[in-house]
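Student: I have a structure I would like to understand better, so I am pasting it below and will then ask my questions one at a time.
The values are calculated or read from the model by the stated rules, or taken from the named source; none is laboratory data. Owing to the predicted nature of the structure, the values given are computational and were not obtained by experimental measurement. Cβ atoms come from the backbone with ideal geometry, glycine included; neighbour counts cover every protein chain shown.
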Amino acid sequence: MAPRPLDQHIPIERWFARFAVQLGGKLAWLTTCEQGRSLLFRYTSHFVILAVLLSAIGLVGTARTTAAAGVERKTLTAGISAPPPSTPDDEPVLYGQGGPIVVDQVVVAPQANPYTAIPSRERRGVITYTVQAGDTLFGIAAQFGLNPESVLWANYDTLEDNPHLLKPGMDLAIPPVNGIVYTVAEGDTVESIAETYKVTPDAIYTDGYEWNLLKSGEQPFVGASLIIPDGSREFKAWTISAAENAASSYDTTGAPAARGNIGACATIPAGTGLLGTGTFVWPAPKHWVGGNNYAAWHPAIDIAARLGDPIYASDNGVVIYAGWNTWGYGNLVVIDHGNGWQTWYAHNSEYYVDCGQNVYQGSVIAAAGSTGRSTGPHLHFETRFQGTMPNPFNVLPPP
């Protein structure tokens, strides 16, 4: 007998029946078993969270699309040959070849651009800078791209060519370029000023026109402040010269004490002190400059030091000055080495030696500080030889 036509559907029906039974069993497990209910709750929670996130993303996209459409919304009416229709006063009407174009007004606030380029321009004149604690002449000059001497020359009334007269709170004039800032006096001419400060008149007329506003041939009025680019002058001495203070070994008679320097020693007989070795060691634990370097206006080096750091005798010798100094050195120690050399140690917080005391190379003579004219702890170290003040780096060992 041939099979019935419906027999071919029996396997499919059985498959559906089997699937229904399995699905029912799983649903029963999910709804009746404690573990199944927990799993069902977890899957349901995940689905709800996922649905919320997708809804939020959809809302954000819709909002952006709506905002963009609002910004670009325009109502265009073209091809009208009739007279222009009346429009509210606050709607602008533009006329084109096809007729009036009515544009809805949409106000779009400009957004700030944090990357706006600000053009760099040179300063047009002298500005004022207030000295901060820890400032040095080198540091201040570097902030403004200047040479230190230009800052000194612009502030002679305040600093008198002495960088150690700097103190916090002091106002300094800062020129726009390296050179001289000069106040015109009675009888001055551009030519005479240029000769004094070693430049040509063109430096004042041409190079300095943007600051001085002088045309060629014009003369400045009395009291005018002129900027003289690349001008220079000689420095006025501010240190105690070796000729004034113990120029010859152990001869300390008179001069320092006459100036009121209470640390000056009385006469020390020649030949009673240790003779120097002729070589020098670093007088502080750090071996680098921490302030002003050696220069014509600063014939010494400021060695970096922390408050209280030990200060060492750079060579054997005898102490010819120990105490306060009124020239800006603060607590000062001077050692004469008996061979034409002297070493000077300034701005100490304390000193541990007395007049006439012999000291050996490397012995502790003081503690670093910031006394006298100083804006922060360091050691002002000078080397002197027969009335000259050579660069200490020329005699100290490599750092």
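Student: Are any of the residues in the range 113-134 closer than 26 Å to ALA304 by Cα, modelled with pLDDT of 90 or more and among the aliphatic types (A, V, I, L, M)? Let's see the steps before the verdict.
Tutor: As a first pass, look at the range 113-134 and keep what is closer than 26 Å to ALA304 by Cα: 129-134.
Then keep just the ones that are modelled with pLDDT of 90 or more; that gives 129-132.
Imposing the further condition that a residue be among the aliphatic types (A, V, I, L, M) reduces the set to 131.
The answer is yes, given that some residue of the range 113-134 is closer than 26 Å to ALA304 by Cα, modelled with pLDDT of 90 or more and among the aliphatic types (A, V, I, L, M).
Student: While we're here: Given the options ILE193, ILE180, name the one that is in a strand (DSSP E or B) and surrounded by 15 or more Cβ atoms within 10 Å (Cβ to Cβ). Can you show your working first?
Tutor: On the way: ILE193 fails: in a strand (DSSP E or B).
It is ILE180.
Student: So which of ALA194, ALA133 ends up being farther than 22 Å from HIS380 by Cα and in contact (Cβ under 8 Å) with a residue 12 or more places away in the chain? Outline the logic, then answer.
Tutor: Values: ALA133 fails: farther than 22 Å from HIS380 by Cα.
The unique qualifying residue is ALA194.
Student: When residues of the range 351-384 are filtered for being assigned to a loop (DSSP other than H, G, I, E, B), modelled with pLDDT of 95 or more and under 29 Å from the mean Cα position of the chain (by Cα), how many remain? Outline the logic, then answer.
Tutor: Of all residues in the range 351-384, those assigned to a loop (DSSP other than H, G, I, E, B) come to 352-357, 360-363, 368, 370-377.
Next cut, modelled with pLDDT of 95 or more only: 352-353, 360-363, 368.
Checking the rest, the ones that are also under 29 Å from the mean Cα position of the chain (by Cα) come to 368.
So the count comes out to 1.
Student: Let me ask something additional. Taking the range 332-377 as the search range and keeping residues that are in contact with a Cys (Cβ under 9 Å, 6 or more places away or on another chain) and not acidic (Asp, Glu), which one is surrounded by the most Cβ atoms within 10 Å (Cβ to Cβ)?
Tutor: Initially, the range 332-377 is screened for residues in contact with a Cys (Cβ under 9 Å, 6 or more places away or on another chain), giving 334, 354-356.
This time we only want the ones that are not acidic (Asp, Glu), so: 334, 355-356.
Working: VAL334: 28, CYS355: 17, GLY356: 18.
Result: VAL334.
Student: Can you find a residue that is within 30 Å of TYR360 (Cα to Cα), buried (at least 16 other Cβ atoms within 10 Å of the Cβ), touching a Gly at 6+ places or on another chain (Cβ under 8 Å) and at pLDDT below 90 anywhere in the range 210-217? If you could, list the steps in order and put the result at the bottom.
Tutor: From the range 210-217, those within 30 Å of TYR360 (Cα to Cα) are none; that's our starting set.
There is no residue in the range 210-217 that is within 30 Å of TYR360 (Cα to Cα), buried (at least 16 other Cβ atoms within 10 Å of the Cβ), touching a Gly at 6+ places or on another chain (Cβ under 8 Å) and at pLDDT below 90.
Student: Check LEU172 against each of (1) closer than 30 Å to SER374 by Cβ; (2) in a helix (DSSP H, G or I) and name the one condition it does not meet.
Tutor: All conditions are met except number (2).
Student: Look through the range 287-312, keep the residues that are of a type in the set (D, E, K, R) and within 23 Å of the chain's Cα centre (by Cα), and return whichever of them is nearest to GLY369 (Cα to Cα). So that I can check it myself, show each step before the final result.
Tutor: Restricting attention to the range 287-312, the residues satisfying the condition of being of a type in the set (D, E, K, R) are 302, 306, 309.
From the residues that got through so far, the ones that are within 23 Å of the chain's Cα centre (by Cα) too are 302, 306.
Working: ASP302: 12, ARG306: 7 Å.
Per the criteria, the residue is ARG306.
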